[in-house]
There are 2 protein chains.
Amino acid sequence: METIGFIGTGHLGYPIAANLIAAGYTVKIYNRTRDKALPLEAQGAILVNTPEETATPGGIVFSLVSDDKAVEAVATAALLQALGKDGIHVSMSTISPDTSRTLAAQHLEQGVHYVTAPIFARPEAAAAKVGTAVISGHAAAKERIKPMLSAGFAKNIFDLGEDAGSANVLKLMGNFMIAGAIEMMAEAFTLGEKNNVDPRLAYEMLTTTLFAAPIFRNYGGIILDRQFTENPSFSATLGLKDMDLVLQTGRKSHTPLPLANLVQSRLTTVIAKGLKEADWTALSGGAREDAGL
Amino acid sequence: METIGFIGTGHLGYPIAANLIAAGYTVKIYNRTRDKALPLEAQGAILVNTPEETATPGGIVFSLVSDDKAVEAVATAALLQALGKDGIHVSMSTISPDTSRTLAAQHLEQGVHYVTAPIFARPEAAAAKVGTAVISGHAAAKERIKPMLSAGFAKNIFDLGEDAGSANVLKLMGNFMIAGAIEMMAEAFTLGEKNNVDPRLAYEMLTTTLFAAPIFRNYGGIILDRQFTENPSFSATLGLKDMDLVLQTGRKSHTPLPLANLVQSRLTTVIAKGLKEADWTALSGGAREDAGL
């Protein structure tokens, strides 16, 4: 099977890289903090020391890093040269749609296709290959990478067309809706708590009927338990970065987003209180604290 | 089978009364606009001319009317006298928890039990008996009415204890979350529409994965179709009334609810634009129009 490159083995990248190795791919891995990727070497990965060493000519490199700057830092001229004609860079990070569009144009100058493929999955869902991929970019390149997305983390793949930015927009829409759902539950549970309704009973009712969706079921439980600093799987810092991107995208396109402003403000408060590494569901503390709880 | 009373055969009361008749109960119906209840007479109901005529001594009367004042207007001294000792008034309307608590105390003075049992169901779901009931009030009274709730509309019944107000609070929490979900989708779809993401594809992705719950699936479709004035099943006027109750309950209990403020404002705009009879999903127009669409 094909040799593929993988850049970024954080919370989410790690289980995806592990799945690709288990599926039989030869995976060349670059991670800024090399030590974190060492267990993957034991599973069969080849660890390399620069982003460009992950590439083979005409091959495929996946990247999953923290933000726009980090993607720009790994998508070096050296990486694009190493990939060369018909090479593909699959950018899975949650970044600005405009950054993806700019990168796509730069890649194409070297004959490289840039495919945007952000991930909807918590690490455990990625590990279990029940995540969702949304993809956009060059048609033939997308077809070539689909089996790898399935082998890596995705149960469902939604194709948004050729514009490299579209998949980023949908990822931001989804993350905004998750943050909105957290705020919504936080306000509702707080109203219940202050008015003689057991929030846990309310949670049971709401998340098994009207709101019987994974987001409400999973995040609702975390909100009620208030264990935001134990095993956070998506940090308040990353959540705030994403809401910044949502509002930046809204600002550029003249789209006022009052609920996004609210959740951005909530996440800013989480970080102001020194909880930048807490799970982003900690934003639910805002409604409670505002109510004196 | 038992003779029961039913007050209020509007959009939601009508299918519930019809189900009770079909289940074999003798149902005495009072509706302010008598003509609307006439088809139920053909199905076997007995139409009466005052709320108190629906009652039998020690029996059960259901009421489902528009707001606090309307409940107070039907729960007359005459009705309570006609129900008498061990009679039950099942109040299904979405009203203030404090109104329920006051009514419960007044009912008890006549030996009547007041049970709060608001409904989570659109009319078609009530007709199909797949709705959800949340109930609170006197324990033995609740047990006595449960079979009727199941026969009338409810697939699930959640019991919130003895405080008559608690079930109203949970109903308000649920309706607030529905309104919040509408706003959330409206902002997300608008961001997509302005940034090269087909809202319908986004809807498919979001409502079959992360947000695969009836609320998002059903309301999301209505939002995208923007057919708010054709077959509205819950009007903007009623939605605004409910958000007023949410904020009033929050105000009394010192619970700031910024998202509830936002959706209240959106619904106020719907009505300001002359669409008071439109479906309350019309509040989704706010985000679109603010973005110049």
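The values are calculated or read from the model by the stated rules, or taken from the named source; none is laboratory data. Everything numeric in this text was worked out from a predicted model, so none of it was measured. No Cβ is skipped: glycine too gets one built from the backbone with ideal geometry, and neighbour counts run over all protein chains shown.
Odds and ends about this structure:
- Matching residues, the stretch B:235-283, being among the polar types (S, T, N, Q), crowded, with 24+ Cβ neighbours inside 10 Å, under 21 Å from the mean Cα position of the chain (by Cα) and within 12 Å of chain A (Cβ to nearest Cβ): B:249
- Top-ranked residue of the stretch B:194-208 - restricted to ones that are within 7 Å of chain A (Cβ to nearest Cβ) and in a helix (DSSP H, G or I), ranked as farthest from residue A:210 (Cα to Cα): B:201
- Every pair of residues 6+ apart whose Cβ atoms lie under 7 Å, when the first sits in the stretch A:122-143 and is within 17 Å of residue B:205 (Cα to Cα) and at pLDDT 95 or above while the second is among the hydrophobic types (A, V, I, L, M, F, W, C) and surrounded by fewer than 20 Cβ atoms within 10 Å (Cβ to Cβ): A:133/A:157; A:135/A:157
- Those residues of the stretch B:3-22 which are among the small types (Gly, Ala, Ser) and at negative phi, in sequence order: B:5, B:10, B:13, B:17, B:18, B:22
- Conditions (1) closer than 30 Å to residue B:22 by Cα; (2) facing chain A (nearest Cβ under 7 Å); (3) surrounded by 20 or more Cβ atoms within 10 Å (Cβ to Cβ); number of the one not met by residue B:126: (2)
- Subset tally (residues that are surrounded by fewer than 19 Cβ atoms within 10 Å (Cβ to Cβ) and either outside any loop (DSSP other than H, G, I, E, B) or modelled with pLDDT under 95 (or both)) for the stretch B:53-66: 2
- From the options A:224, A:259, residue that is within 25 Å of residue A:66 (Cβ to Cβ) and of a type outside the set (D, E, K, R): A:259
- Pairs with Cβ under 7 Å, 6+ apart, first in the stretch A:21-38 and at pLDDT below 95, second surrounded by fewer than 21 Cβ atoms within 10 Å (Cβ to Cβ) and not aliphatic (A, V, I, L, M): none
- Hey, residue A:153 among the aromatic types (Phe, Trp, Tyr) and in contact with a Pro (Cβ under 9 Å, 6 or more places away or on another chain) or not: yes
- Within this structure, residue A:69 fails the test of being of a type outside the set (Phe, Trp, Tyr), in contact (Cβ under 8 Å) with a residue 12 or more places away in the chain and not in a strand (DSSP E or B).
- Every residue from the stretch B:69-107 that is among the charged types (D, E, K, R) and farther than 26 Å from residue A:196 by Cβ: B:85
- Of everything in the stretch A:135-193 that is at the interface with chain B (Cβ under 7 Å from one of its Cβ atoms) and touching a Lys or Arg at 6+ places or on another chain (Cβ under 6 Å), the residue that is farthest from residue A:115 (Cα to Cα) is A:190.
- Of the residues in the stretch A:209-221, at least one is out of contact with any His (no Cβ under 8 Å at 6 or more places or on another chain), assigned to a helix (DSSP H, G or I) and more than 13 Å from chain B (Cβ to nearest Cβ).
Results for (1) within 14 Å of chain B (Cβ to nearest Cβ); (2) under 27 Å from residue A:21 (Cβ atoms); (3) in contact (Cβ under 8 Å) with a residue 24 or more places away in the chain; (4) charged (D, E, K, R), shown as yes or no for each residue.
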residue	(1), (2), (3), (4)
A:75	no, yes, yes, no
A:82	no, yes, yes, no
A:96	yes, no, yes, no
A:111	no, no, yes, no
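- Hits in the stretch A:162-211 - residues which are at pLDDT below 95 and within 23 Å of the chain's Cα centre (by Cα): none
- Residue satisfying all of: in the stretch A:284-293; at the interface with chain B (Cβ under 8 Å from one of its Cβ atoms) and surrounded by fewer than 24 Cβ atoms within 10 Å (Cβ to Cβ); nearest to residue B:192 (Cα to Cα) among these: A:290
- Residues within the stretch A:154-176 that are hydrophobic (A, V, I, L, M, F, W, C) and surrounded by fewer than 23 Cβ atoms within 10 Å (Cβ to Cβ), tallied: 2
- Residues located in the stretch B:136-174, provided they are over 18 Å from residue B:249 (Cβ atoms), out of contact with any Gly (no Cβ under 7 Å at 6 or more places or on another chain) and hydrophobic (A, V, I, L, M, F, W, C): B:139, B:140, B:141, B:145, B:148, B:149, B:151, B:157, B:158
- Counted residues, the stretch B:75-93 - those being part of a helix (DSSP H, G or I) and crowded, with 22+ Cβ neighbours inside 10 Å: 4
- Members of the stretch B:1-59 found to be over 19 Å from the mean Cα position of the chain (by Cα), within 28 Å of residue B:111 (Cβ to Cβ) and of a type in the set (D, E, K, R), listed by number: B:2, B:28, B:52, B:53
- The stretch B:242-261: number of residues that are within 20 Å of residue A:266 (Cβ to Cβ) and in contact (Cβ under 8 Å) with a residue 12 or more places away in the chain: 6
- Criterion applied to A:8, A:44, A:87 was being in the same structural domain as residue A:130 (by TED's automatic domain parsing) and touching a Gly at 6+ places or on another chain (Cβ under 7 Å), and the one residue passing it is A:87.
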